[in-house]
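Please treat every number below as a calculation from the coordinates, not as lab data. All of these numbers come straight from a predicted model, not from anything done at the bench. Neighbour counts run over all protein chains shown; Cβ positions are idealised from the backbone, glycine included.
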Amino acid sequence: ALETWISEFEASADGHNGALVAIDPKTSEILVMVGSRDYFRDDIEGRNNNALAFNSPGSTLKPFAYAAAFEQLNWGTETELLDTPISFPDGDGTFTPRNPSGNFQGPISVRKALGNSLNIPAVKTASYVGIPNVVAEYKKFGITGLDGGAYGPSVVVGGVDIKLLDVTYAYTVFAN
């Protein structure tokens with residue numbers, strides 16, 4: 001399966017290696033863990049176990065930020081956010097999130113923002129909840145390796161490196 005999907009999209013995504021983890025949510029048993037497309041391919045750094053390596057998770061952390069908002073701010077799936085331009089100070093520069101489509105939806109429910117994987121509402125949610133609280137939520141769900149970092153609002157859209165094994169385990173909490 002890993003070879004099939006990487007082969008289909010590697011040219012358009014410029015990605016040549018990957019990993020796959022499947023966990024039984026009822027028992028937490030690892031059913032499948034493939035760390036590389038091909039261990040013997042040096043051209044793709046095949047000897048790396050990408051299931052255990054720290055990599056950017058992209059949008060996979062958004063649901064955990066919303067879960068923190070549900071718990072800490074009493075939000076619900078119909079809570080509305082503004083999908084409008086915003087910028088945040090970021091070290092010596094500015095972090096300006098943008099949605100994959102490049103446009104803005106205006107007022108939008110959490111349900112629709114998450115369902116459409118919109119970046120701006122997710123980043124705003126992380127800001128409302130507080131970045132340390134979002135990081136604490138990640139840890140509560142079982143995501144490790146987030147110790148001692150100075151994280152900003154991009155932590156919800158791939159601005160932190162985590163293990164695929166951890167994020168797969170964290171999703172079993174939602175399944176349960």
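Just how large is the dipole of the chain about the Cα centre, in debye to the nearest 20, putting +1 at every Lys and Arg Cβ and -1 at every Asp and Glu Cβ?
Working: 12 positive and 20 negative charges, 99 e Å.
Dipole magnitude for the chain comes out near 480 debye.
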- Query: Relative contact order, percent, of the range 27-115 when contacts are C-alpha pairs under 8 Å separated by at least 6 residues?
  - Reply: 21 percent
- Counting sequence-distant residues (5 or more places) and residues on other chains, those with an amide H built under 5 Å from that of residue 90 are 95
- In deg cm²/dmol and to the nearest 500, what is the mean residue ellipticity at 222 nm of the chain if only DSSP H runs of at least 4 residues count, each as -39500 (n - 2.57), divided by the residue total? -10500 deg cm²/dmol
- Query: Given H placed on each backbone N at 1.01 Å, which residues far from residue 50 in sequence or on other chains put an amide H within less than 5 Å of it?
  - Reply: 36
- What is the range 1-63 by shape, rounded, prolate or oblate, if you read a ≥ b ≥ c off the alpha carbon gyration tensor as root eigenvalues and call it rounded for a/c under 1.5, prolate for a/b larger than b/c, and oblate otherwise? prolate
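Around residue 43, under 13 Å between beta carbons, what's the net of Lys plus Arg minus Asp minus Glu among the other residues?
Working: positive: 37, 41, 47; negative: 10, 38, 42, 45.
Net charge around residue 43: -1.
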- Item | Karplus-derived 3J(HN,Hα), 6.51/-1.76/1.60, for each residue of the range 103-115, Hz, glycine and proline x | 10, 10, 9, x, x, 8, 6, 4, 4, 6, 4, 6, x
- Message: For a test of the definition: using alpha carbon positions, the gyration tensor, and the 1.5 limit on a/c, classify the chain as rounded, prolate or oblate.
- Response: prolate
- Query: For residue 13 and residue 109 in the same chain, what is the full-extension length gain: residue separation times 0.36 nm, less their Cα-Cα distance, in nm?
  - Reply: 31.6 nm
- Message: Could you work out the relative contact order of the chain? I mean the mean sequence separation of Cα pairs under 8 Å and 6+ apart, divided by the number of residues, in percent.
- Response: 27 percent
- Choice from 161, 147, 83 with maximal GNM fluctuation in the chain (Cα, 10 Å cutoff): 147
- Item | Extreme residue, positive dipole direction of the chain, given options 115, 48, 13 (C-beta unit charges) | 115
- Using a cut-off of 26 Å between alpha-carbon atoms, which lysines can reach residue 163, once sequence neighbours fewer than 8 places away in the same chain are excluded? 26, 62, 124, 139, 140
- Query: By how many nm would the segment from residue 42 to residue 161 grow when fully extended, if each residue of separation counts as 0.36 nm and the alpha-carbon distance is taken off?
  - Reply: 40.5 nm
- With the chain treated as a Gaussian network of Cα nodes joined by springs under 10 Å, which of 120, 23, 143 yields the largest mean-square fluctuation? 23
